[in-house]
Amino acid sequence: MRRRLLIIILLIIAATQAFAQSDSTAGQTPRVVYLSARDLCPGHNIDVRLIDDGTILNHIVDSLKGVQPNAYPLISQWCNSQRRRITRFRNSLLDDYKWDRNLVWMDSTHCIIDAGPFVNTAQKRIELLEELSEFYESEEKKRIEEERKAAEAHAIMESIRIQQEKEDLLAWYQDTIKALHQEISTVCDGKTLTDKERLKQLKDLYYAYLSIYNRYDLSSRSTEEHRFEQLKELHQFQTEMLDSILGNNSYATRINEFSTTLKARCGKTHADINKSYAKAVKRMQVPVNFKTLAEYRRYVNGLREILIVQEYYLAAIDYRDTLASNTNKLQNLSSRRHKEIYTSYQQMLSDYNLLPEFTNQKEGEQYLALLQELTLVQEEYIAAFGRLDIIERRGDSIVNNCPRKIADMSTAYKQMAAKYDFVPSFRNLSGAASYNKHLDDFEVMQTIYAEGISLRNAIASKADTINGSRTAPKGLSSGYKQMSSYTVFTPTFSTTSGGEQYLSQLREFLNIQDKFITIIVTNDKIESTSRRFKTAFREYPNIGKAYERVLKTYDYDLNILSMVDINTYIRHQQQVLDMQAQFDEVLSGNEKSRYNERLKKEKDVANIKLIMHVN
């Protein structure tokens, strides 16, 4: 290290002297900047530590090894990258600048004083980095080769393992199939059975089984996938044969034992179902004639369908019990009222064949659907009792709320109700819906009649007021009779829309009655005011004479033939009220004497109106 420093100092002195001599003739000495090549390393992305100390490479390489499990390619790439950077910098020093012994002049004022030693050291580092790159590239190739050999060895072992597993599975299938075959042979042998029919059935099953079993080659040692699919298929077939066809709880056993179960469930109540099933089951036999797996599947499905059909026979008992319970309920209800409903129900029920005779699943589902709908129809018949009770009570209320004055309403209601047939005769839910709609329409008619009675009562009450008035204007009574003749009070409608029109007509007539009553009330007011004026006229007779002359001009021949006439007369009455109000204002004021004097000799009605401010 000391030797290196000494060399650097000597080079600096020599360089200084050389520049001093070359510039002695110059008027001014330029300032020289002396640099070390190490100072330029960062500008070339070079870690100067690589130049100063070659051992640091080992530390960097060790650190790169810990970056990832397989670091050889990364180390090689890093070495090549550093080598290329140092090489470019070295070549730049050699080719791009002016050399003077070991000095390198970058320009006239910048001098690299250690370029020579640096270039030598850089070359060593380049060589070392190249060796490291080649070494780790070689190591990576070795690692890849070792992995390849290991993978090949693993693949061979895995192939051996898989093949062994296949051979083991093949042996298991062969042993298991042979064992199951022996078991099936033993079961079908039936040495301990005495039932000849069952023995014949087992014999037929065994021969049918053999026709399928013999299709498979059990001696083959092939371990291909389709081979295992065949063995699996045969194994499943044997297992199902033992469990479902030949076992103690086989389909055939369950089918045969069902007769005992059904007989116990039927008892005496449903003995006809038990007899019907005994006939039907003879038509549900599934012959043992399969020779292929597809035919075997059809055979099994046939047995399963019989089991489903048997469950449907049990369900038929439950539905029959429900039907019987509902029938008893209807009979009990009819014992007190509406016997015609039960009679109609019996007629409807007699059209149904409630005896189950189905022999397949589809027929069974149709039969049960029929019973299910019939139970719902029964509920509609039961509900009809309640609805008819409500209708009868409302009908009695309508009739009882009709006083003698509107007895025609009661008669009309009875005639309308007599046209309706309330006895249900529907056979299905669609018919039940139509029947309920029929009752709904009648209930609307009842509502219309009830409101009509209320309106007629109100009309009768107002008619008494109008006809009983002693102060009604002359001609009002005949006018009321004339207007009454335009309205049909007795209902003749047969539809709900007609009923609404009828109610609208009654409401309109009530409005007419109100106008007649208004006329009577207004006339009473006019007469009362005239009587009150007579007392005041004793003191002011001229005003009284004027009032009488003006009042005569309001005489009106009351002849009511239409609403126009009614409204015209009401306006006439209002004019009289307005005139009376003007006279009342004068009589209530402080100028009664002056008005009495002005009217002393006045006989012209027009002038009187002008004086009294009457329109």
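What to note about this one:
- Looking only at residues of the range 120-141 that are within 20 Å of ARG88 (Cβ to Cβ) and in contact (Cβ under 8 Å) with a residue 60 or more places away in the chain, we find that the one that is most open to solvent (accessible area, probe 1.4 Å) is LYS124.
- PHE237 surrounded by 15 or more Cβ atoms within 10 Å (Cβ to Cβ) and closer than 15 Å to TYR299 by Cβ: yes
- Test: residue in the range 377-395 that is open to solvent by less than 10 Å² (accessible area, probe 1.4 Å) and closer than 21 Å to PHE489 by Cα: yes
- Hits in the range 165-192 - residues which are open to solvent by less than 90 Å² (accessible area, probe 1.4 Å) and among the polar types (S, T, N, Q): GLN174, THR176, SER185, THR186
- Residue that is least open to solvent (accessible area, probe 1.4 Å), among those in the range 479-491 that are free of Cβ contacts under 8 Å to residues at least 40 places away in the same chain and assigned to a helix (DSSP H, G or I): SER484
- Number of residues in the range 121-145 that are under 10 Å from ILE51 (Cα atoms) and not aliphatic (A, V, I, L, M) equals 4.
- All of SER530, SER494 fail the test of being of a type in the set (Gly, Ala, Ser), in a helix (DSSP H, G or I) and touching a residue at least 12 places away in the same chain (Cβ under 8 Å), apart from SER530.
- Residue in the range 324-332 that is β-branched (Val, Ile, Thr) and exposed (fewer than 15 other Cβ atoms within 10 Å of the Cβ) present: no
- Options LEU50, LEU94, LEU64; residue that is part of a helix (DSSP H, G or I) and touching a Lys or Arg at 6+ places or on another chain (Cβ under 9 Å): LEU50
- Number of the exception - LEU330 against (1) of a type in the set (A, V, I, L, M); (2) closer than 30 Å to VAL286 by Cβ; (3) over 36 Å from the mean Cα position of the chain (by Cα): (2)
- Taking the criterion of being open to solvent by 40 Å² or more (accessible area, probe 1.4 Å) and among the aromatic types (Phe, Trp, Tyr), the residues of the range 72-103 that qualify are TYR72, TRP78, TYR97, TRP99.
- Whenever a residue of the range 222-250 is closer than 17 Å to LEU293 by Cα and touching a residue at least 24 places away in the same chain (Cβ under 8 Å), its partners that are small (Gly, Ala, Ser) and open to solvent by less than 20 Å² (accessible area, probe 1.4 Å), lying with C-beta atoms within less than 8 angstrom and at least six residues away or across chains, give the pairs SER244/SER250; ILE245/ALA252.
- Just one of the listed residues (THR359, THR343) is among the β-branched types (Val, Ile, Thr) and either at pLDDT below 90 or not in a helix (DSSP H, G or I) (or both), namely THR359.
Residue-by-condition table, conditions (1) surrounded by fewer than 14 Cβ atoms within 10 Å (Cβ to Cβ); (2) over 22 Å from GLN372 (Cα atoms); (3) touching a helix residue (DSSP H, G or I) at 6+ places or on another chain (Cβ under 6 Å); (4) of a type in the set (Lys, Arg):
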{"position": "ASN401", "(1), (2), (3), (4)": "no, yes, yes, no"}
{"position": "SER410", "(1), (2), (3), (4)": "no, yes, yes, no"}
{"position": "MET416", "(1), (2), (3), (4)": "no, yes, no, no"}
{"position": "LYS419", "(1), (2), (3), (4)": "yes, yes, no, yes"}
{"position": "PHE426", "(1), (2), (3), (4)": "no, no, yes, no"}
{"position": "ALA433", "(1), (2), (3), (4)": "yes, no, no, no"}
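- Evaluation of ASP272 against (1) open to solvent by less than 50 Å² (accessible area, probe 1.4 Å); (2) modelled with pLDDT of 90 or more; (3) touching a Cys at 6+ places or on another chain (Cβ under 9 Å) (one fails), failing number: (1)
- Residues satisfying the stated conditions in the range 287-314, i.e. open to solvent by 30 Å² or more (accessible area, probe 1.4 Å) and either free of Cβ contacts under 8 Å to residues at least 60 places away in the same chain or of a type in the set (Gly, Ala, Ser) (or both): PRO287, ALA294, GLU295, ARG297, ARG298, ASN301, ARG304, GLU305, ILE308, GLU311, TYR312
- Within the range 79-91, the set of residues being closer than 24 Å to ASP39 by Cβ and in contact (Cβ under 8 Å) with a residue 12 or more places away in the chain comprises GLN82, ARG83, ARG85, ILE86, THR87, ARG88, PHE89, ARG90.
- Test for MET612: is it within 60 Å of the chain's Cα centre (by Cα) and either closer than 30 Å to SER461 by Cβ or surrounded by 13 or more Cβ atoms within 10 Å (Cβ to Cβ) (or both): no
- Filter result for LYS263 (open to solvent by 40 Å² or more (accessible area, probe 1.4 Å), within 16 Å of THR359 (Cα to Cα) and over 45 Å from the mean Cα position of the chain (by Cα)): no
- Whichever residue in the range 104-117 is in contact with a Leu (Cβ under 7 Å, 6 or more places away or on another chain) and either buried (at least 16 other Cβ atoms within 10 Å of the Cβ) or assigned to a helix (DSSP H, G or I) (or both) and, among such residues, is modelled with the highest pLDDT: CYS111
- Under the condition of being hydroxyl-bearing (Ser, Thr, Tyr), loosely packed, with under 14 Cβ neighbours inside 10 Å and within 20 Å of ASP318 (Cβ to Cβ), the residues counted in the range 333-368 number 1.
The values are calculated or read from the model by the stated rules, or taken from the named source; none is laboratory data. Here the structure is a predicted model, which means the values were calculated and not measured. With ideal geometry, Cβ positions are generated from the backbone for all residues, glycine too; neighbour counts draw on all protein chains shown. Accessible surface is based on the protein model in full, side chains and every heavy atom, while ligands, DNA and RNA are left aside. Shrake-Rupley method; radii C 1.70, N 1.55, O 1.52, S 1.80 Å.
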